[in-house]
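Enquirer: Sharing a structure here in structure tokens format.
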Amino acid sequence: MDINSSSASSRGSKHSNKNDVQETVIPVRFHDRDENRADSYRDSEVGSGSRSPTSAIAAAATVGPDFPDGGLRAWLIVVGVTSLRFGYVNTWGVFQSYYEQTLLKDHSPSSIAWIGSLQICLVFLPALFSGRLFDLGIFKLPFIAASALLVASTFLVAECTQYWQFVLCQGLATGLGVGMVFAPSLSIIGHWFKQKRGIAMGLTTFGSSLGGTFFPIVARRLIPAVGFPWTMRILGFILLFSLSIPCLTLARRLPPKAVSGGLFNFKAFRDSPPFTLYVGATICLFLGLFTVLTYIDISAVTYGVSSDYSFYLVAITNASSAVGRLVTGLAVDKTGAINFIAPTTFFAGIITFAWPFARSGSSFTAIAVLYGFASGTIVSGFLIPAFLLGEVSDIGRRTGMIMTMGALGGLFGTPISGALINSETGGFKGAAYFAGSMVILSGILMLATRHLVLGKLWGKF
């Protein structure tokens, strides 16, 4: 990338002023003629020719198809994705606590956590496959099939009585169902929005917080009233309704494109250090991000908080995350995604360190509110940089690669934290120190990614 040319700098500034590039203000030299600009865009895939990865990233972000960025059809896409992301997986902390005290009380917290971690892992792991299918234009049929699997698995959990049954139904089947619909639902936003992509992503993740607030309260109230089996059946009917909306409203906009590189584009790691570093940041993030949400309920009970109140902590965390998601949607279009989420990632790490020192209902509530807000900003914005690290035609595979690699962190994070919980004293400090350190490391890697892309310590990205 020619960053020393004054003419390149002036043209880069002109594009920034016209808001053609919302994500970055990297000065890049472009050809003046329109046909050459199109050629520049086609050749901008990471690693192509002799161009540097950073130049390719900037060119791909700058030159591309027009986006609706609004209108009835585009906002129906947002409604559909919001209904899809209705936060069922975010309620795992309630199930972790309930299983430890009742159905699976003979198993260790770490063993039970494997159910939730498998679920979290499979939310992200299939993204590589489903994202690639999305790029190729194969979307509707896998989406409907995965929705049916998610509903069916929820009904099957009602029949589970043994540990292996919960692993298969709530861990494996539920995770696969969510995972096969999750990645395409994120990629589809990239088809319809560009300048308003941040607010669109923030609104869609609001559904996750809404459901994450709704499901724990419903589950806790229904279990004493109708029992665990009928509680799961009722949740299944709720999911059936919420998933019918995206099945009707979601659709691709851009034509499919068989981009080179196969299912897993190893060249992206070789040719794009910023992409490689950001994948590392995501893995570290997922190693630590879900620990507080998983164990905050049972940790409060351990320190004497009434179980009649402790289950609300998961709902409070998810409700607070809704605020963080919306704020992120409003902010990242102006500040740049990493400029906003890196500081909140550090803040989430600090709150994770503070969590095991809470000893009362009020202190646990404060942890839930603060951590919920910070984690909400992160989950709402962490994939936005992935949209910028290559062409829009490759957006499904690129987000899929990041989410699939991040799934490794989601798989091992909470069981490792569970193993670090002191079985004799019930202390959660070891789990908090591990999880908090991973989140802090993720924030450092995010800032390093920004530095590699911009070539300087500060700028919009």
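Enquirer: Could you pull out every one of the helices (runs of 4 or more DSSP H) wholly within the stretch 63-174 that has 3 or more residues that are more than 18 Å from the chain's Cα centre (by Cα) and more than 30 Å from P224 (Cβ to Cβ)?
Expert: Fully inside the stretch 63-174 and qualifying: 72-84, 140-157.
Enquirer: Looking at A354, A358, A374, can you tell me which residue is crowded, with 23+ Cβ neighbours inside 10 Å, out of contact with any strand residue (DSSP E or B) (no Cβ under 8 Å at 6 or more places or on another chain) and in the same structural domain as L445 (by TED's automatic domain parsing)?
Expert: A374
Enquirer: Follow-up question, since we're still on this one. Looking at (1) surrounded by fewer than 18 Cβ atoms within 10 Å (Cβ to Cβ); (2) more than 30 Å from G70 (Cβ to Cβ), find the lone condition where S153 falls short.
Expert: Every listed condition holds for S153 apart from (1).
Enquirer: Can you name every residue in the stretch 300-314 that is buried (at least 21 other Cβ atoms within 10 Å of the Cβ) and within 30 Å of the chain's Cα centre (by Cα)?
Expert: If the condition is that a residue be buried (at least 21 other Cβ atoms within 10 Å of the Cβ) and within 30 Å of the chain's Cα centre (by Cα), then A300, S310, F311, Y312, L313, V314 are the ones that fit.
Enquirer: If a residue has to be of a type in the set (D, E, K, R) and under 22 Å from A315 (Cα atoms) to count, how many in the stretch 65-118 make the cut?
Expert: Number of matching residues: 2.
Enquirer: Residues A315, A300: which one is of a type outside the set (S, T, Y) and either closer than 13 Å to I367 by Cβ or not assigned by TED's automatic domain parsing to the domain that holds T449 (or both)?
Expert: Only one candidate qualifies: A300.
Enquirer: Now for a separate question. Within the bounds of the stretch 111-132, is there any residue that is in the same structural domain as L250 (by TED's automatic domain parsing), over 14 Å from A173 (Cα atoms) and without any contact (Cβ under 8 Å) to a residue 24 or more places away in the chain?
Expert: Checked the stretch 111-132: no residue is in the same structural domain as L250 (by TED's automatic domain parsing), over 14 Å from A173 (Cα atoms) and without any contact (Cβ under 8 Å) to a residue 24 or more places away in the chain.
Enquirer: Show me the helices (runs of 4 or more DSSP H) entirely contained within the stretch 334-403 in which 1 or more residues are without any contact (Cβ under 8 Å) to a residue 12 or more places away in the chain and polar (S, T, N, Q).
Expert: Helices (runs of 4 or more DSSP H) meeting the threshold: 361-381.
Enquirer: Taking the stretch 315-328, which residues are more than 18 Å from the chain's Cα centre (by Cα) and surrounded by 24 or more Cβ atoms within 10 Å (Cβ to Cβ)?
Expert: Selection gives A315 alone.
Enquirer: Taking the stretch 259-275 on its own, how many of its residues are modelled with pLDDT under 75 and not in a helix (DSSP H, G or I)?
Expert: The total comes to 7.
Enquirer: Follow-up question, since we're still on this one. Do we find a residue being surrounded by fewer than 23 Cβ atoms within 10 Å (Cβ to Cβ), among the charged types (D, E, K, R) and modelled with pLDDT of 90 or more anywhere in the stretch 406-426?
Expert: no
Enquirer: Let me ask something additional. Of the numbered conditions (1) among the small types (G, A, S); (2) under 30 Å from Y309 (Cα atoms); (3) surrounded by fewer than 23 Cβ atoms within 10 Å (Cβ to Cβ), A331 satisfies every one except a single condition; which is it?
Expert: (2)
Enquirer: Is it the case that some residue within the stretch 95-111 is modelled with pLDDT of 85 or more, within 25 Å of S187 (Cβ to Cβ) and of a type in the set (D, E, K, R)?
Expert: No: zero hits.
Enquirer: If you scan the stretch 237-258, which residues turn out to be in a loop (DSSP other than H, G, I, E, B) and closer than 15 Å to G80 by Cα?
Expert: Selection gives L250, A251, R252, R253.
The values are calculated or read from the model by the stated rules, or taken from the named source; none is laboratory data. Predicted model only: the values in this text are computed from it and were never measured. Because the Cβ atoms are built from the backbone with ideal geometry, glycine has one as well, and the counts that use them run over all protein chains shown.
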